[in-house]
Structure formats: structure tokens, C-alpha cells
1. When you go through (1) outside any loop (DSSP other than H, G, I, E, B); (2) at pLDDT 90 or above one by one for residue 23, which number turns out not to apply?
2. Output the residue which, of all residues in the stretch 91-100 that are surrounded by 13 or more Cβ atoms within 10 Å (Cβ to Cβ) and out of contact with any helix residue (DSSP H, G or I) (no Cβ under 6 Å at 6 or more places or on another chain), is nearest to residue 16 (Cα to Cα).
3. Residues being part of a helix (DSSP H, G or I) and surrounded by fewer than 18 Cβ atoms within 10 Å (Cβ to Cβ): count how many of those fall in the stretch 45-67.
4. For the stretch 73-90, name all the residues that are at pLDDT below 85 and either out of contact with any helix residue (DSSP H, G or I) (no Cβ under 7 Å at 6 or more places or on another chain) or not aromatic (Phe, Trp, Tyr) (or both).
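The values are calculated or read from the model by the stated rules, or taken from the named source; none is laboratory data. Just so you know, these numbers come straight off a predicted model, no measurement behind them. Using ideal geometry, Cβ is built from the backbone for each residue, glycine included, and neighbour counts are taken over all protein chains shown.
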Amino acid sequence: MGSGSQSQRERSDAELLGAHVAGDRHAFAELFRRHHRTLYRLARLTSRSPEDAEDALQDAMLSAHRGAASFRFDAAVHSWLHRIVVNACLDRLRRAKARPTVPLELVGDVHWVADRTSEVEAGLAVQRALMRLPVEQRTAVVAVDMQGYSIADTARLLGVAEGTVKSRCARGRARLAVLLGHLNTTADQR
């Protein structure tokens, strides 16, 4: 009966990562399943399109899978995974900058259902405005304002000083206020 206690309690992220490194073929899949939704949301907010987010997440998970043995357990496993996802997204954005393309959703006329038009337009405006921010500002704003990370956690996640995160957020928010100022005017007219 004693052997069942390990299988009945859920293993921690650190235990799953350690088991993966030790050769447990199912441990990393469980770790990925546990964090998939949050990691995808982070990738989506940092990427240009859902497809880029999926590709970045796949790149990140392959990198984490291969590099698991180098994890030093000096941070939480989920923070390590988030950092890998952010880095994968930034790598993809840098590569995309070298060969710019137009996302399919911006090509041609888009016809929306009338009752949700303003909501959808506002969401698209925010997404477009985020994409106009420099990558460093966008990742800081997304982490702090959209993902709810603290300044300290964001600094660790991005590998920069807390003051750098604060200044990137302030500059990003100021730029977003300019880019999205028309939304306040539209709301005031109703």
C-alpha cells in the first residue's frame, strides 16, 4: 500500500523535471500538459499570430526538453519554462523582422457581426498597437499588465534589472496611450 502514495499525490514541477532527466518518458509530457494553457497565452501575447505562438511554444518545449538536465533548480520550474517561451518568441520576432510579411487576417476586407463590431475592433486595435511597440517594451507590458507578473518576476523572466522592466513598461504604456487614444474619443461620443 505504501507504493501507491507516490502515484496518488501529484508530483511537483521540480519532481517531474527531475524524473524526466532521470529517464521517465511520461514526466515531461505531464509537465507540459500542466502548463500548456499559460505558456500558450504568454506566447500568443508575445507573438504576431496564433500560428507564430504555436510554433514558438513548440520550439520552446523542444528546447526545454533537450535542456532539462541543465536546469539548476534555483528558480521555479514554471518561471524557467516561461523564460524559454519568451526567448523563443523573441527569436521568432527577430527572424520575422528580417523577412517581413503581412498576416492573413489583415489582408482584404473583414466583415464582423454587427453586435460585436466595436468590441472586436477595440481588440484588434490593441493587438495592432502592441505589435507596434519595440519587442522589449511589448514583452514587459504583456508580462506585467496582461499576465499579472510582478516587476521582480518579470525582471527575472527577462533577465534584466527591475528598473529596466519599470522603464520599459512606462515607455510601452505611454506609447500605447498615444496609439490607442482614439478609443477614448470613440467611447466618449456614445
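1. So residue 23 meets the others, but not (1).
2. Going residue by residue through the stretch 91-100, those that are surrounded by 13 or more Cβ atoms within 10 Å (Cβ to Cβ) are 91-93, 96.
Now drop any that are not out of contact with any helix residue (DSSP H, G or I) (no Cβ under 6 Å at 6 or more places or on another chain), which leaves 91, 96.
Working: 91: 27, 96: 34 Å.
Filtering the stretch 91-100 for residues that are surrounded by 13 or more Cβ atoms within 10 Å (Cβ to Cβ) and out of contact with any helix residue (DSSP H, G or I) (no Cβ under 6 Å at 6 or more places or on another chain), the one nearest to residue 16 (Cα to Cα) comes out as 91.
3. Taking the stretch 45-67 as the starting set, the residues that turn out to be part of a helix (DSSP H, G or I) are 45-46, 50-67.
Then keep just the ones that are surrounded by fewer than 18 Cβ atoms within 10 Å (Cβ to Cβ); that gives 50-51, 54-55, 58, 62-63, 65-67.
Residues flagged as part of a helix (DSSP H, G or I) and surrounded by fewer than 18 Cβ atoms within 10 Å (Cβ to Cβ) within the stretch 45-67 amount to 10.
4. Initially, the stretch 73-90 is screened for residues at pLDDT below 85, giving 73-75, 90.
74, 75, 90, listed by residue number.
Here's the yes/no breakdown for (1) at negative phi; (2) in the same structural domain as residue 88 (by TED's automatic domain parsing); (3) not polar (S, T, N, Q):
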| residue | (1), (2), (3) |
| --- | --- |
| 139 | yes, no, no |
| 142 | yes, no, yes |
| 153 | yes, no, yes |
| 159 | no, no, yes |
| 162 | yes, no, yes |
| 167 | yes, no, no |
| 177 | yes, no, yes |
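Conditions tested, residue by residue: (1) hydrophobic (A, V, I, L, M, F, W, C); (2) touching a residue at least 40 places away in the same chain (Cβ under 8 Å).
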| position | (1), (2) |
| --- | --- |
| 11 | no, no |
| 14 | yes, yes |
| 33 | no, no |
| 45 | yes, yes |
| 48 | no, yes |
| 62 | yes, no |
| 71 | yes, yes |
| 76 | yes, yes |
| 86 | yes, yes |
